[in-house]
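Participant: Dropping a structure here in C-alpha cells format, bear with me for questions.
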Amino acid sequence: MRFVHLHTHSHYSLLDGLAKIDELVARTKELGMDALALTDHGNLYGAIEFYKKAKKAGIKPILGVEAYLAPGARGDRGEAGAKTGLPTGKAGRLPYYHLVLLAKDNTGWKNLLRLVTRANLEGFYYKPRMDKEILREHHEGLIALSACLTGEIPRLLAQHKMEEAETALREYQDIFGTENFFLEIGTHPNIPDTVPVREALIRLAQKTGAPLVATQDIHYAKHEDAEYHDILLAVQTGTQLSDGDRLTLKDDDFSLQGPEHMAKLFADVPEAIEHTAKIAERCNVELPLGQIHLPSFPLPADRTPMQHLRALAEDRLPSRYPERGNEVLDRIEYELGVIEKTGFADYFLIVQDFIQWAKSHGIIVGPGRGSAAGSIISYILGITDIDPLKYDLLFERFLNPDRVQMPDIDVDFADTRRDEVLAYVKEKYGEDRVAQIITFGTMAARAAIRDAGRALGIPLALCDRLAKLVPVTVNAKLEDAMRIIPELAGQYQADPDARRVLDAARHLEGVARHASVHACGVVISKEPLIEHVALQKSPQDEHAIITQFEMHAIEDLGLLKMDFLGLKNLSIIEHAVSLIRDTRGEEIDVSRLPLDDKKTYALLEAGETTGVFQFESSGMRRYLKELRPSELEDLIAMVALYRPGPMELIPSYILRKHGQERVSYLHPKLEPILKNTYGVGVYQEQMMRIARDLAGFTLAEADTLRKAIGKKIKSLLDEQQGKLIQGMVKNGIDQRTAEAIWELFPPFARYGFNRSHAACYAMVGYQTAYLRVHYPVEFMAALLNADTDDIDRISFLMGEARRFGIEILPPDINRSATYFAPDGNAIRFGLLAVKNVGIHVVEAVSMDRARSGPFRDLADLLHRIQHKDMNKRSLECLIKCGALDSLGVERATALANIDELLAFANRAKRARNETQNSLFGAPQPRLSALALAPASEATSKEKLQWEKELLGLYVSDHPLNQHAARIQSVRARPIKEALTEKSERTRFAVAGIISAVKKITTKTGQPMLFAKIEDASGTTEVIAFSDILARVPDVWKENNAIIMGCRMSLRNGEPKLICENAQEL
C-alpha cells in the first residue's frame, strides 16, 4: 500500500525538530516512498532546500507548514484570551491552535508565502499566528489538515465538545472546500489524550463524511534518534532530562516510518492511509528555479537598459582613460556584448547607482571586492577603482559568457554608514521589494557538547574540558576532532559520561538553533518580495524585515542577491580623511593616491603596520621585512599568498624577487604568465591564462576548467585533463611537458587566489599605510575611535602612538571633542570616553563651547551647562578623570565640595529662569562667588586609579613607571612578550598591576586564586595555588603593583601564568 508522510518537522522547526533535510530525504528513499511533505512550525525556512534535494533524489516534494492559528483575530493579544474560553498560556500568552497547510499548486504556494508572511508581520505574539480571516483571503490552492492534538478540532474533542468540534469542521470546510479539508489522526497511544481524541475524530468523520488522513508528526528521522531529540527539547526549554515536569515526546515514537509500519498502525482505518497518497497526487508545485528575476532600473523614457549602460560608460570613460586606445575600446565592446547577451545591464545600472549615491554622500566605498574588479565596465562606471588592464585582471573570472549565471558584485562600505546605503536602496525600489536575508545559527561542536552536557546533567567541568579539546577552527567537526585528537578519543573510550555527551553532541551538531540577519546579504526584487519569498521580522530587531529563505535559496529563486559589507577599515579611512579635512584643510581622495610613494613602502618594509588593512599580523610583518615591497604588485601577491597552504610558497617568492633563487619554467610560454610572480603560481587567473595561451581554451572555457578542478569530481577532472593535454600537444608542446604542466593545475585550484580580490584588498591596505605614514596623528585617532569598546586594543594603540612620538592626552572640558581627536601633534581623549558622562552632556558642552567659547573657570561651566544629565554622578566623573583640571580645579577639593557645586549650579539655574521670565528683561541677579572649602590634594596614585576607573586605562602615567628601576633590575618581561613563551619549564619575572581577584576553594578544600594583572603592554590571568597564598597572602589586592616569578601554563591552548613567588612593589 502506498503511503506518504504529510506532517513532517525538520530542524528548521527550531529546537523542536532534530532531522536535517538530507536525513529526511534519505530516509524516505530508503523506506521506498516516493513523496514527502515538509511542514515546519510556522515557517518555510527549509522549503527551497527541501524542494531541490527531494527532486534530486527522485522524491516528490510537498511544500507546507504547520501553522499557528489565533483563536480570535491575529492582532489580539492576551486580553482576548478570555473571550475564547480557552486557558491562557504561560506568561499570560494568548493560546494558539495548530493547522497543517499543504500547497496543491503554484497558486497554493504563493498563498502559503502570503499567509506565513502575514502571520509573522501582523499576527506575531510569541508565535507567528494566522487567523481565519486571512485563511479565507488566501485559501485557494491549499489543502488543510486538522493537525495534532493542538489543532482546534482535536482540542475541542479532548474537552468532549463534539458539537463545537463539528461546527469548527464545517467552518474549515467552508474556508478550504469540503474536498480540501481532512481530519488528521495519529497513533501515539502513550501520549495523553491521543487515544480518546483519535476515536472521537473517527466518529466525527463517520458522522460528517469528512475524510481522515493518517500522519506520524515526524520530529526525527530514525527511531534510535528519539533520545537525542529529547535532549534537543531539554536544550530548548533549559531543562534537564531528570526534571519531571518538562516538554518531552519520549513516551512515544515520532520517527519517519515506512508504509508497512504505518499501515499496521492504521489497520482500523485503511482509508486514512489511502488518502495520504491521494493528497500527494493532488500536490504538484513546480518552482521555476534558476530563472532570473532582475529588478528594472528606472530609465529615461527613450532608452533601453543597454542603451543607458552604454551611454553612462561613454560619459564616464574620459575620467578613467583620457587617452582611449584600441585595447580600452575593444575591451569595452567585448564586455558590453557579453552583458547584452546575458541580460545583465540592469544589474550594472543598479549597482553603479547606489555606489554613486554613497560616494556623493561622503561614504567611503571599497575599491572593489571579488572578481568584479576584472570588469572594465565596472571600473569606468565607478563600481570598482582598480584598472583591470593595468593589473591584468580577467573579465571571464567575473562573468562567463558561456554560462548565464548571475554575476556577483559584493561591495564594501564604511561599516558605520552601511545602513544609509541600504535605506537608499529601499527608498528607490520600494520597501516591499528590498529586504535583508536570513541566516541560521547552527550548533557548532563545542556548543553542542556544552548544551548536551547541561541537558544530561553531566558536570560542567567535564563538558568544558571536552569542548576545549575541539579545535577552534571554522567548520571544525566533532567527528574529525575525535579522529585527530587522541585525548578526546581517549576520554570517549574511558569515561561513560564523556561517551554520552559526545554521542549526543554528534547528533546535535549542525542542527539549526536560531535565526538571525545575515551580516551583509540583501535581496532586491522586481515585484513585491512576497511574490517569491516569505518574510518575517528580524528576531534581533522588530523594525527590520528579513526573508525566510537563506542566501542560496534566494539565488536559486533567481532573485538579485547582493552583499553590502560593512568594513571597519573603510570607516577608519573615512574618519581619518574627515579629521585631515578638519585639522589641515586638506581634501584627500583615497582612490587617487600616488601608488609609488616611497614613504609608504618604507613603512611596509619596516613592518610598522599597526592599523594597516591585511598587513597587521606578526607573521605578515615578518614577511614584509624580508620582502621589502616596492610596488603594489608585491602587496597583491602577499594578500593572495598569506593564507594556510599557499603561505609555504612565500619564502620562494621572496628569494626569487631578490635573485637568490633560480626562476625556471616548464615551457617558455609559461614565462609571460608567471613572470610577475617569479615563476610561482599565485592566482587563479594565471591558471586560466595557461589554459588559453598553451592549450587554446577560450577564457570562458578556462573558467569552466577552474571550477571543475575546484569541485574535485573525478569524471570532470579526467575530462578536463584530457582536453587540456590534447590542446597543448596540438599547440606544439610535447606530451611529457604537457602532462607535467597539467600537474600544476590541482595545486593551483587548492592554492590559487582570485587576483581581482587580492588587488582590491591590497589597494585598501596601501591606502591605510599611506594615511598612516603621511597623517599619523589623524590616522591613529581614527584607529582609536574604531575600537572604543575594546580596552585592550585601545591600550595597545596608545602604546603604538607613544612609540612614534604621538602623545595621548587626557580629556579636557575645553579641548576635547566627542571622540578621540588630534590636538596639535597629540591625540586627546574625547569626553564620551568618560564613564557615566553620556552623549547628552557631551553634546551640551560642545554646543555651548562652540557658541560662547571656552569655559573660564568651574563657576562658568556650572552656570552655562544646565542640562538635566549634568548631575552629581557625571560631575564627579569629570572631576575625577581630570577633565576639569584646566579650569584650575584640584580634584580632591572639588570632590569634597560636590554638594556646594551642585547647589551653585541650581542657584545659577534659578537665576537664569528668573531672567527669562522677567517681563521687562531685568538684569540677571548677581550670583555669589563659588567658594570651596579646602581639602587635602589627591595623590598621584589616586589620580591614576580614577583614570583607570573612568577611562578604562592609565593615561597620564602608569603606576609601574615609578618602579621602573626595580623591574629592569630583575629583567621582568612585559606581559605581551611573556605570553609568547612556548615552554612550560622556563622561569621568568613579570610585573603588573592587579585589576581583579577571584578566590575559590578546590575539591580538596585548598584555597586557589585567579588574578588579572596588567602592564602597559597587555593583560593576562595569573593562577596562585595554596602554597603561594600561604607565603604571601597580603599582596593579592586590587590596584596593588606586584612583581612575580612565574612559569607559563598552556593547558587547553589558553596561556596563563602560574605564580611561584610574588612581592608587592
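Participant: Inspect all residues belonging to region 410-420 and state whether any of them is more than 19 Å from the chain's Cα centre (by Cα) and not in a loop (DSSP other than H, G, I, E, B).
Facilitator: The first filter runs over region 410-420 and keeps only residues more than 19 Å from the chain's Cα centre (by Cα), leaving none.
No: region 410-420 contains no residue that is more than 19 Å from the chain's Cα centre (by Cα) and not in a loop (DSSP other than H, G, I, E, B).
Participant: Which one of these is crowded, with 24+ Cβ neighbours inside 10 Å and at negative phi: ALA534, ALA544? Talk me through it step by step, then tell me what you get.
Facilitator: On the way: ALA544 fails: crowded, with 24+ Cβ neighbours inside 10 Å.
Only one candidate passes the filter, namely ALA534.
Participant: Quick one: which of ARG581, ARG628, ARG643, ARG622 is on the phi > 0 side of the Ramachandran plot and of a type in the set (D, E, K, R)?
Facilitator: The conditions single out ARG628.
Participant: Here is a follow-up. Mind listing whichever residues of region 263-281 are surrounded by 13 or more Cβ atoms within 10 Å (Cβ to Cβ) and either among the hydroxyl-bearing types (Ser, Thr, Tyr) or within 13 Å of HIS5 (Cα to Cα) (or both)?
Facilitator: Residues satisfying the conditions are ALA263, ALA272, ILE273, GLU274, HIS275, THR276, ALA277, LYS278, ILE279, ALA280.
Participant: Moving on to the next point. Search region 71-93 for residues being part of a loop (DSSP other than H, G, I, E, B) and of a type in the set (Lys, Arg), and hand back the single one that is modelled with the lowest pLDDT.
Facilitator: Once the filter is applied, the top-ranked residue is ARG93.
Participant: Restricting attention to region 723-739, and to residues there that are more than 17 Å from PRO668 (Cβ to Cβ) and of a type in the set (A, V, I, L, M), which single residue is surrounded by the fewest Cβ atoms within 10 Å (Cβ to Cβ)?
Facilitator: Checked region 723-739; the qualifying residue surrounded by the fewest Cβ atoms within 10 Å (Cβ to Cβ) is ILE725.
Results for (1) closer than 20 Å to ILE1013 by Cα; (2) at pLDDT below 90; (3) of a type in the set (A, V, I, L, M), shown as yes or no for each residue.
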residue	(1), (2), (3)
SER928	no, yes, no
LYS943	yes, no, no
TRP946	yes, no, no
LEU950	yes, no, yes
VAL955	yes, yes, yes
GLU977	yes, yes, no
GLU984	yes, yes, no
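Participant: Do you know which residues across region 50-70 are buried (at least 22 other Cβ atoms within 10 Å of the Cβ) and part of a helix (DSSP H, G or I)?
Facilitator: Matches in region 50-70: PHE50, TYR51, ALA54.
Participant: Based on what the data block shows, is PHE748 not β-branched (Val, Ile, Thr) and not in a helix (DSSP H, G or I)? Spell out how you get there, then give the answer.
Facilitator: Values: not β-branched (Val, Ile, Thr): yes; not in a helix (DSSP H, G or I): no.
For PHE748, the condition - not β-branched (Val, Ile, Thr) and not in a helix (DSSP H, G or I) - is not met.
Participant: Step by step: first the residues of region 1-60, then only those that are of a type in the set (D, E, K, R) and within 17 Å of ASP217 (Cβ to Cβ), then the one that is modelled with the lowest pLDDT. Which residue is that? Step through it out loud before you land on a result.
Facilitator: In the first step, residues of region 1-60 are kept if they are of a type in the set (D, E, K, R); the result is 2, 16, 20, 22-23, 27, 29-30, 34, 40, 49, 52-53, 55-56, 60.
Those still in the list that are within 17 Å of ASP217 (Cβ to Cβ) too: 16, 23, 27, 40.
On the way: ASP16: 92, GLU23: 96, ARG27: 97, ASP40: 97.
Out of the qualifying residues, it is ASP16.
Participant: Let me ask another. Which of the residues belonging to region 673-687 are assigned to a helix (DSSP H, G or I) and in contact (Cβ under 8 Å) with a residue 12 or more places away in the chain? Talk me through it step by step, then tell me what you get.
Facilitator: Taking region 673-687 and keeping what is assigned to a helix (DSSP H, G or I), we get 673-677, 684-687.
Scanning region 673-687 gives ILE673, LEU674, ASN676, THR677, GLN684, GLU685, GLN686, MET687.
Participant: Sticking with this structure for a sec: In region 194-214, is there at least one residue being acidic (Asp, Glu) and either crowded, with 22+ Cβ neighbours inside 10 Å or touching a residue at least 24 places away in the same chain (Cβ under 8 Å) (or both)? Break it down stepwise before answering.
Facilitator: From region 194-214, those acidic (Asp, Glu) are 199; that's our starting set.
If we keep only those that are either crowded, with 22+ Cβ neighbours inside 10 Å or touching a residue at least 24 places away in the same chain (Cβ under 8 Å) (or both) as well, we get none.
The answer is no; no qualifying residue exists.
Participant: Looking at GLY141, GLY177, GLY151 in this structure, which one is small (Gly, Ala, Ser), within 43 Å of the chain's Cα centre (by Cα) and surrounded by fewer than 24 Cβ atoms within 10 Å (Cβ to Cβ)? Even if it seems obvious, please write down each step before you answer.
Facilitator: On the way: GLY177 fails: within 43 Å of the chain's Cα centre (by Cα); GLY151 fails: surrounded by fewer than 24 Cβ atoms within 10 Å (Cβ to Cβ).
Selected residue: GLY141, the only one of GLY141, GLY177, GLY151 that is small (Gly, Ala, Ser), within 43 Å of the chain's Cα centre (by Cα) and surrounded by fewer than 24 Cβ atoms within 10 Å (Cβ to Cβ).
Participant: Check LEU932, LEU979, LEU950, LEU944 and return the single one that is in contact with a His (Cβ under 9 Å, 6 or more places away or on another chain) and more than 30 Å from PRO459 (Cα to Cα). Lay out the reasoning, then the answer.
Facilitator: Details: LEU932 fails: in contact with a His (Cβ under 9 Å, 6 or more places away or on another chain); LEU979 fails: in contact with a His (Cβ under 9 Å, 6 or more places away or on another chain); LEU950 fails: in contact with a His (Cβ under 9 Å, 6 or more places away or on another chain).
From the options LEU932, LEU979, LEU950, LEU944, the qualifying one is LEU944.
Participant: For region 381-409, which positions are farther than 22 Å from ALA700 by Cβ, part of a loop (DSSP other than H, G, I, E, B) and of a type outside the set (D, E, K, R)?
Facilitator: Within region 381-409, the subset farther than 22 Å from ALA700 by Cβ is 381-382, 385, 387, 390.
Now restrict to residues that are part of a loop (DSSP other than H, G, I, E, B): 382, 385, 387, 390.
Answer for region 381-409, where residues must be farther than 22 Å from ALA700 by Cβ, part of a loop (DSSP other than H, G, I, E, B) and of a type outside the set (D, E, K, R): just GLY382.
Here is a yes/no grid of residues against (1) within 32 Å of the chain's Cα centre (by Cα); (2) crowded, with 19+ Cβ neighbours inside 10 Å; (3) part of a loop (DSSP other than H, G, I, E, B); (4) modelled with pLDDT of 95 or more:
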{"position": "PRO288", "(1), (2), (3), (4)": "yes, no, yes, no"}
{"position": "ARG303", "(1), (2), (3), (4)": "no, no, yes, no"}
{"position": "ARG310", "(1), (2), (3), (4)": "no, yes, no, yes"}
{"position": "GLU323", "(1), (2), (3), (4)": "no, no, yes, no"}
{"position": "VAL338", "(1), (2), (3), (4)": "no, yes, no, no"}
{"position": "PHE348", "(1), (2), (3), (4)": "yes, yes, no, yes"}
{"position": "TRP357", "(1), (2), (3), (4)": "yes, no, no, yes"}
{"position": "TYR379", "(1), (2), (3), (4)": "yes, yes, no, yes"}
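Participant: Let me ask another. Which of the residues that make up region 450-466 are within 27 Å of the chain's Cα centre (by Cα) and buried (at least 22 other Cβ atoms within 10 Å of the Cβ)?
Facilitator: If the condition is that a residue be within 27 Å of the chain's Cα centre (by Cα) and buried (at least 22 other Cβ atoms within 10 Å of the Cβ), then ASP451, ALA452, GLY453, CYS463, LEU466 are the ones that fit.
Participant: Quick one: is LEU655 of a type in the set (A, V, I, L, M), surrounded by 15 or more Cβ atoms within 10 Å (Cβ to Cβ) and under 26 Å from ARG369 (Cβ atoms)?
Facilitator: Working: of a type in the set (A, V, I, L, M): yes; surrounded by 15 or more Cβ atoms within 10 Å (Cβ to Cβ): yes; under 26 Å from ARG369 (Cβ atoms): no.
Judged against the criteria, LEU655 is not a match.
Participant: For region 781-797, state whether one or more residues are surrounded by fewer than 24 Cβ atoms within 10 Å (Cβ to Cβ), aliphatic (A, V, I, L, M) and free of Cβ contacts under 8 Å to residues at least 40 places away in the same chain.
Facilitator: No, region 781-797 contains no residue that is surrounded by fewer than 24 Cβ atoms within 10 Å (Cβ to Cβ), aliphatic (A, V, I, L, M) and free of Cβ contacts under 8 Å to residues at least 40 places away in the same chain.
Participant: Continuing with the same structure: When you scan region 12-33, how many residues do you find that are part of a loop (DSSP other than H, G, I, E, B) and without any contact (Cβ under 8 Å) to a residue 40 or more places away in the chain?
Facilitator: So the first thing to find is which residues in region 12-33 are part of a loop (DSSP other than H, G, I, E, B), and the list is 12-20, 31-33.
Next, from what is left, pick out any that are without any contact (Cβ under 8 Å) to a residue 40 or more places away in the chain: none.
Number of matching residues: 0.
Participant: Scan (1) outside any helix (DSSP H, G or I); (2) touching a Leu at 6+ places or on another chain (Cβ under 7 Å); (3) at pLDDT 90 or above for the single condition PRO128 breaks and write down its number.
Facilitator: (2)
Participant: Out of ASP556, ASP497, I need the residue that is of a type in the set (Asp, Glu) and more than 26 Å from ILE383 (Cα to Cα). Which one?
Facilitator: Working: ASP556 fails: more than 26 Å from ILE383 (Cα to Cα).
On inspection, the qualifying residue turns out to be ASP497.
Per-residue answers, yes or no, for (1) out of contact with any Ser or Thr (no Cβ under 8 Å at 6 or more places or on another chain); (2) in the same structural domain as MET847 (by TED's automatic domain parsing); (3) not in a helix (DSSP H, G or I):
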position	(1), (2), (3)
LEU716	yes, no, no
LYS723	yes, no, no
ILE733	yes, no, yes
THR737	yes, no, no
ALA740	yes, no, no
SER756	no, no, no
ALA762	yes, no, no
LEU784	yes, no, no
GLY805	yes, yes, yes
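Participant: (1) under 17 Å from the mean Cα position of the chain (by Cα); (2) over 19 Å from PRO295 (Cα atoms); (3) of a type in the set (Asp, Glu): which one isn't true of ASP563, the others all being true?
Facilitator: All conditions pass for ASP563, except number (2).
Participant: Please go through region 132-147 and pick out each residue that is touching a residue at least 60 places away in the same chain (Cβ under 8 Å) and part of a loop (DSSP other than H, G, I, E, B).
Facilitator: ALA147
Residues are listed down the side, and each one gets a yes or a no for (1) buried (at least 24 other Cβ atoms within 10 Å of the Cβ); (2) among the aromatic types (Phe, Trp, Tyr); (3) farther than 30 Å from VAL680 by Cα; (4) assigned by TED's automatic domain parsing to the domain that holds SER630:
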residue: ALA759; (1), (2), (3), (4): yes, no, no, yes
residue: LEU771; (1), (2), (3), (4): yes, no, yes, no
residue: PHE779; (1), (2), (3), (4): yes, yes, yes, no
residue: ALA801; (1), (2), (3), (4): no, no, yes, no
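Participant: Inspect region 224-236 for any residue being modelled with pLDDT under 95, in a loop (DSSP other than H, G, I, E, B) and of a type outside the set (S, T, N, Q) and give the result as yes or no.
Facilitator: Looking through region 224-236, none of the residues is modelled with pLDDT under 95, in a loop (DSSP other than H, G, I, E, B) and of a type outside the set (S, T, N, Q).
Participant: Could you pull out the residue among LEU603, LEU632 that is out of contact with any Leu (no Cβ under 7 Å at 6 or more places or on another chain) and over 20 Å from LEU744 (Cα atoms)? If you could, list the steps in order and put the result at the bottom.
Facilitator: On the way: LEU632 fails: out of contact with any Leu (no Cβ under 7 Å at 6 or more places or on another chain).
The match here is LEU603.
The values are calculated or read from the model by the stated rules, or taken from the named source; none is laboratory data. Everything numeric here is computed off the predicted structure, so don't read it as measured data. Glycine gets a Cβ as well: all are built from the backbone with ideal geometry, and neighbour counts include every protein chain shown.
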